[in-house]
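Q: What follows is a single structure, and I will ask about it in a moment.
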Amino acid sequence: MLKGKTVIIGVTGSIAAYKAADLASRLVKEHAEVHVIMTRNATKFIHPITFETLTKQKCLTDTFDRNFQFEVEHVELAKKADLMIVAPASANILAKMAHGIADDMLSTTLLACTTCPVLVSPAMNTRMYEHPATQENLKILASRGVKIIEPASGRLACGDEGKGKLPDPSYLVQRILLEIACEKDLAGRKILVTAGPTREALDPVRYITNHSSGKMGYAIAAAAALRGAEVTLVSGPVAIEPPVGVKLIPITSAGDLFRAVTSCSDEQDIIIKAAAVADYRPASVSDEKMHKADGDLSIALERTEDTLQYLGDHKKEGQLLCGFAMETSGLEERALKKLKKKNLDMICANNVKVEGAGFGTDTNVVTMITADGMEQLPLLSKHEVAMRILDRLKAM
């Protein structure tokens, strides 16, 4: 996702410097051109050769190294960068950045990075992080447009417990992708996505649900965020980390989903209902565990709230509504019927029996259907399917 992009990683003197190697490796796997600049103290924790091996680029440590191919390396590199991230960022480098001090390769390059996004990921002892001077420096940087990545909490290298850990490199990559991976062609748009299954309780122990993993809905939410939209994700119980840059509203039942969606639906430009919502729930829920007995058991079911029908009936002017239909037969006929009945602008239909399109997969085979016709997509990753769905909705 970062092919053709240049990312500079600044590494400062922190025990968390070893995580920067993982970050560099992950960015290279995303096909970014990665350059690493280390402070002198950083080289005490991890050797520059590590980064040179991972990135296939010379690791910069000395402002006055005469072997550089550019006469003024820090300026040329800053001009080339699509993004610069300092991870880990010590209290010292934050102070230098806030007050315009440029006395080494990293600080001079940062001062020259005026046309690309700059991210800093502080990592230090909790007391140092919470010190008024550090907090004031972070406020100064934020006011200048520098993106601050909040440190994680946990056990620190010094043995203390608290805020100050460098976040996992996978999270840092997601923050970088959010900044530069895609054109922000959905900026200014509000998009609501629903994802995952619902659970309808039988008693305090058991519930009725389905096989939905939430992967398709989460892929759509992530893709919309990458393209600059303001995304709200209403999600049933899933085993997936929420996408970075997305507002998550967790729900459990179909009733929860109805209330969550309808409470904010009017302000949305696009609503994409990818959740697998239960059509029925137990008519009564036991307060105590239902114990087995001789003979069979029958459970009376009642209809759940039809959130998609409500949205179709109350769709405001200019709002786009996209539904999903997962079938085992009669795919196109059933999807077209649902499109008209629910007053949808588009429906994405797939057959659970088709290889690569079932629950829990990382791929999907989708047919996008509108009043003007249909387009059948080939087997694609769910990220690619999400992008194609957003392309179509944007065109509409």
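Q: What pairs come out if I take residues in the stretch 322-338 that are of a type in the set (Asp, Glu) and pair them with residues that are in a helix (DSSP H, G or I) whose C-beta lies under 7 Å away, six or more apart or interchain?
A: GLU327/ARG334
Q: Show me the helices (runs of 4 or more DSSP H) entirely contained within the stretch 78-197 in which 3 or more residues are of a type outside the set (S, T, N, Q), at pLDDT 95 or above and closer than 30 Å to GLN319 by Cα. Walk me through how you get there before you give the answer.
A: Details: elements: 91-99, 105-112, 126-130, 132-143, 169-180.
In the stretch 78-197, 169-180 are the helices (runs of 4 or more DSSP H) which contain 3 or more residues that are of a type outside the set (S, T, N, Q), at pLDDT 95 or above and closer than 30 Å to GLN319 by Cα.
Q: Only one of (1) of a type outside the set (Phe, Trp, Tyr); (2) open to solvent by 60 Å² or more (accessible area, probe 1.4 Å); (3) assigned to a helix (DSSP H, G or I); (4) in contact (Cβ under 8 Å) with a residue 60 or more places away in the chain fails for LYS19. Which number is that?
A: The number of the failed condition is (2).
Residues checked against (1) at pLDDT below 95; (2) of a type in the set (Phe, Trp, Tyr); (3) open to solvent by less than 40 Å² (accessible area, probe 1.4 Å); (4) under 28 Å from GLY188 (Cα atoms):
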{"residue": "GLN268", "(1), (2), (3), (4)": "no, no, yes, yes"}
{"residue": "ASP294", "(1), (2), (3), (4)": "yes, no, no, no"}
{"residue": "GLU332", "(1), (2), (3), (4)": "yes, no, no, no"}
{"residue": "LYS353", "(1), (2), (3), (4)": "yes, no, no, no"}
{"residue": "PHE359", "(1), (2), (3), (4)": "yes, yes, no, no"}
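Q: Which one of these does PHE258 not meet: (1) of a type outside the set (S, T, N, Q); (2) more than 14 Å from ALA274 (Cα to Cα); (3) buried (at least 17 other Cβ atoms within 10 Å of the Cβ); (4) in contact with a helix residue (DSSP H, G or I) (Cβ under 9 Å, 6 or more places away or on another chain)?
A: Of everything listed in (1) of a type outside the set (S, T, N, Q); (2) more than 14 Å from ALA274 (Cα to Cα); (3) buried (at least 17 other Cβ atoms within 10 Å of the Cβ); (4) in contact with a helix residue (DSSP H, G or I) (Cβ under 9 Å, 6 or more places away or on another chain), PHE258 misses just condition (2).
Q: Looking only at the stretch 22-60, filter to residues that are farther than 21 Å from ALA112 by Cα and of a type in the set (Ser, Thr, Tyr); which one of those is most open to solvent (accessible area, probe 1.4 Å)?
A: Among them, the one singled out is THR53.
Q: Still on this structure, please answer the following. Open to solvent by less than 40 Å² (accessible area, probe 1.4 Å), part of a loop (DSSP other than H, G, I, E, B) and under 21 Å from GLY188 (Cα atoms): does that describe VAL244? Working first, answer last.
A: Numbers: open to solvent by less than 40 Å² (accessible area, probe 1.4 Å): yes; part of a loop (DSSP other than H, G, I, E, B): yes; under 21 Å from GLY188 (Cα atoms): yes.
The answer is yes for VAL244.
Q: Sticking with this structure for a sec: Looking at the stretch 118-174, which of the residues that are without any contact (Cβ under 8 Å) to a residue 40 or more places away in the chain and at positive phi is surrounded by the most Cβ atoms within 10 Å (Cβ to Cβ)?
A: The qualifying residue surrounded by the most Cβ atoms within 10 Å (Cβ to Cβ) is GLY162.
Q: On to the next question. More than 21 Å from ILE149 (Cβ to Cβ), touching a strand residue (DSSP E or B) at 6+ places or on another chain (Cβ under 7 Å) and either open to solvent by 50 Å² or more (accessible area, probe 1.4 Å) or of a type in the set (Asp, Glu) (or both): is that true of ARG199 in this structure?
A: Numbers: more than 21 Å from ILE149 (Cβ to Cβ): yes; touching a strand residue (DSSP E or B) at 6+ places or on another chain (Cβ under 7 Å): yes; either open to solvent by 50 Å² or more (accessible area, probe 1.4 Å) or of a type in the set (Asp, Glu) (or both): yes.
Considered against the rule, which asks whether it is more than 21 Å from ILE149 (Cβ to Cβ), touching a strand residue (DSSP E or B) at 6+ places or on another chain (Cβ under 7 Å) and either open to solvent by 50 Å² or more (accessible area, probe 1.4 Å) or of a type in the set (Asp, Glu) (or both), ARG199 comes out as yes.
The values are calculated or read from the model by the stated rules, or taken from the named source; none is laboratory data. Just so it is clear, the model here is predicted, and its values are computed rather than measured. As a convention, Cβ positions derive from the backbone with ideal geometry for all residues, glycine included, and neighbour counts pool all protein chains shown. What goes into the accessible areas is simple: the full protein's heavy atoms, side chains included, and nothing from ligands, DNA or RNA. Shrake-Rupley method; radii C 1.70, N 1.55, O 1.52, S 1.80 Å.
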